[in-house]
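Below is one structure, written out as structure tokens; the observations come after it.
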Amino acid sequence: MNESLSSMIVPGVLWALVLFSVVSWALLLIKSSQYLRQKAHNSQFSKAFWAAPDLLTAAEHASQYPGALARIANSGFEAMIVDDTPRTTQQLAHTINRSDRLERNLRQQIQKERRALESGQAILASIGSTAPFIGLFGTVWGIMNSFIGLSQVQQATLSTVAPGIAEALIATAIGLFAAIPAVIAYNRFSSRGQTLLTRYYSLGNEVQMRLYRG
């Protein structure tokens, strides 16, 4: 490997880590905004849904309000609205089919909302797990280059090796700076996502019970 290419590796690592840091902070802000919107929308719909005096009012709220909980409830109400089977001796089979359609709609919508919650978290996990090692690679490579350069000079002084070693150590620092926020954000969003997912399934069960009773 020629000297010019070797000297470009540490700066390349530094720029890659800076990019990782920008991406992780951008995702942190985007996901935080997403969760704040979901919290506000879900709170508004929950108040209206639980206060609804009948199924018709609850269905109207589900179709009008934004947010994941409203979309999940609406998917359940829509499953019951589609009703083309004649009321004959096939009524029992129709009821079973309608029940299956209701469960399928709710399950599919919940999984869709789950994917929306988890979007971007894999990137945060990847940055959190790889950035320290990339920074360490840059540090090792930079120190190695400094010692190689030291062997090629007649008189070794601190000023000869200090710039290269300092640049190499910065790689580790930036790697940690990129990784720590990514790991914290990933753990935080995973925890909040599981809490929301529990609410999604709870609402799905409530919609099923209300529709069956209705």
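The values are calculated or read from the model by the stated rules, or taken from the named source; none is laboratory data. On a predicted model such as this, the values are computed, not experimentally measured, just so you know. Note: ideal-geometry Cβ built from the backbone for every residue, glycine included; neighbour counts use all protein chains shown. Each accessible area value is taken on the protein alone, full model and side chains, heavy atoms only, with ligands, DNA and RNA left out. Shrake-Rupley method; radii C 1.70, N 1.55, O 1.52, S 1.80 Å.
Determine whether Gln44 is in a helix (DSSP H, G or I) and over 19 Å from the mean Cα position of the chain (by Cα). Answer is yes for this residue.
Being modelled with pLDDT of 90 or more and over 30 Å from Met209 (Cβ atoms): is that true of Val22 here? Spell out how you get there, then give the answer.
Values: modelled with pLDDT of 90 or more: yes; over 30 Å from Met209 (Cβ atoms): yes.
So Val22 passes the test.
The C-beta contact set for the range 39-50 (first residue closer than 16 Å to Val207 by Cβ, second residue hydrophobic (A, V, I, L, M, F, W, C) and open to solvent by less than 90 Å² (accessible area, probe 1.4 Å), distance under 6 angstrom, 6+ apart or interchain) comprises Asn42/Leu69; Phe45/Leu69; Phe45/Ala70; Phe49/Ala58.
Kindly indicate the residue of the range 169-182 that is under 14 Å from Phe133 (Cβ atoms) and surrounded by 18 or more Cβ atoms within 10 Å (Cβ to Cβ) and also nearest to the chain's Cα centre (by Cα) among those meeting that condition. The extreme case among them is Ala182. Within the range 86-116, being touching a Lys or Arg at 6+ places or on another chain (Cβ under 9 Å) and either open to solvent by 80 Å² or more (accessible area, probe 1.4 Å) or at pLDDT 90 or above (or both) holds for Gln109, Lys112, Glu113.
Among all residue pairs at least 6 apart or on different chains, which show Cβ distances below 8 Å where the first residue, located in the range 134-145, is open to solvent by 80 Å² or more (accessible area, probe 1.4 Å) and the second is modelled with pLDDT under 85? Sorted first by the residue in the range 134-145, then by its partner, the pairs are Val140/Ala168.
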